[in-house]
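Working notes, structure below.
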Amino acid sequence: MSTRRTTVFSMVLIAVVSMAVGMVLTSRLDLSSSSEAQSFGVPPMNSDPLTGTIDAQTFRRIATAQTPMVVNIRTESRRRTQDLTEFFGGDDLLRRFFGEPQQEQPREEFTQGAGTGFVIDEDGFILTNNHVVEGATKIEVGFFGDDAGETYEARLVGRDPLTDSALIELVEQPDRLLPVATFGDSNQMQPGDWVMAIGNPFNMAHTVTVGVISAIGRPFPVATGRSQDVLQTDAAINPGNSGGPLLNIRGEVVGINTAIVSDRASNVGIGFAIPINTVREILSQLQSGKVTRGRIGVNITPVLREAVEAFGLSDTRGAVVASVVPDGPAARGGLEPGDVIVEYAGDPVEDMSDLQNKVTATTPGTEVPVTIMRDRERTTLDITIEELDLETESQPRVTQNEGESPGFGMTLADLDGEWARRLRTPSDVTGAVIVDLDARGAAARAGMQRGDVVVEVNRIPIRGATAAVQELRVIDSGDTAFFLVWRGGTEIFVQATKE
């Protein structure tokens, strides 16, 4: 064989081997090119005003037209069961009672779940709740009209805990055109508007319920220190309805049913749905497999009406910085406990929820001007936003209780050597320790706890219990005191109104 032919043969061989290796790596690492992956555009939204009358056929027409795009979702998850050493407190305890324990192989337990979803693209993309498919090792989808037990495999594309939403894709599809949901405008919904829920409650497939929007903008906790504004409805939502559509009277999706409030495992007329506009905004990120959000690194509380004048504000708009995460974006940007954030990126901050929404919607790495009120003076700081990681985020929490009690309802003691050792306070921390607390008092309602160290009262440093009591005595009943307390390595700003 000539040199030239050998060279050509070698090049072809290298190319073939490289292609084969590349295909293996791609299949193992799921790095297939974007041209090969299925994709779709964000579905359009109908923002036309809701008009017209409701007659005897209205809900029948909606149910007939929209039920086929609703799917039942079955999931299977694996979890490792505890072995004997975990039940009995470890190997040492087992040896004392039973001798040398036998080494058992870890066992896996299969758990099954059920939920609902709805098709948003003819290629088999389906929206549902994050909590329906989170941790699932197997996802199966059943369609309206199919035989019982006939399902199609699906895979998770992307999920988002903050909106409790997830996007899945059919791996195998029915041999027919898939019916697709249409999107309405959830911002149009108002209390009293008629809505319909379709879902899989208690494995009763494609159940239809009707009700009204009971409230809008209802904050619903979705993670530690975070909430999501939801639609409240009295349309019956039960276990298994999760992930199903909430429809307006045109049969358009305006929400994803996600939760109920009940003292039993059934509906009592209070259900919640994630507004579809909220999910639509992140749909392209769900399709990419990752939803990226911003983080500023503060714990915030509302502006109390009694504290408006003391902050130098004209109303209760804004968010009070209760604590700052050490070495976080806010700390590096100069934010301090007690600051009131009144503007973010040039836009007014209405309340806590508004600030959270603005921050999470910011692309990480963006430098944002944040306007604050500090000591009744307005100033602007530049803060570089970081990426939010819910799994590692740890925010100090301020627990508020209700009740009535005169004064502040707390007993203080000097932060002496014994207290400093017990609380492990740094040597440069001085103040007064809360040693007793009236559970119904003003301090407890504001979030103070036993073991908190009061280091400032109304911006005045505190050297001991006597100094703290003196400062608190001069505050008139009904006025608000500003406390800076040290708790577990973090300084926390607290507002408490004297009674």
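The values are calculated or read from the model by the stated rules, or taken from the named source; none is laboratory data. These numbers come from a predicted model, not from an experiment. Positions of Cβ are backbone-derived with ideal geometry, glycine not excepted, and every protein chain shown enters the neighbour counts. The accessibility values were calculated without ligands, DNA or RNA, using every heavy atom of the protein model including side chains. Shrake-Rupley method; radii C 1.70, N 1.55, O 1.52, S 1.80 Å.
Per 0.36 nm of contour for each residue apart, how much would the distance between residue 463 and residue 310 grow if the chain were fully extended, relative to their Cα-Cα spacing?
Numbers: separation 153, 0.36 × 153 = 55.08 nm, distance 2.34 nm.
Extending this stretch completely gives an extra 52.7 nm.
Less than 20 Å from a label point 7 Å out along the Cα-to-Cβ axis of residue 387: which backbone N atoms in region 152-172 qualify, by residue? Counting only backbone N, you get 157-167.
Take the Cβ atoms of residue 40 and residue 347, set R0 to 30 Å, and the FRET efficiency comes out at 0.40.
For region 323-387, what is the accessible area per residue in Å² when the probe is 1.4 Å? List each step's numbers first, then the result.
On the way: 2980 Å² over 65 residues.
Here the per-residue accessible area is 46 Å².
Residue separation of residue 379 and residue 215 scaled by 0.36 nm, minus their Cα-Cα distance, works out to 55.4 nm of gained length. Listed by chain and number, the lysines placed with their C-alpha closer than 29 angstrom to that of residue 358 are 290; residues fewer than eight positions away on the same chain are left out. Proximity of backbone amide H atoms, modeled 1.01 Å from N, is registered between residue 368 and 383, 384, 385 at under 5 Å, excluding neighbours fewer than 5 places apart on the same chain. The modelled label-to-label distance between residue 479 and residue 148, using points 7 Å beyond Cα along the C-beta direction, is 7.3 nm.
For region 193-321, the C-alpha radius of gyration sits at 1.29 times the compact-globule guess of 2.2 N^0.38 Å, with N the residue count.
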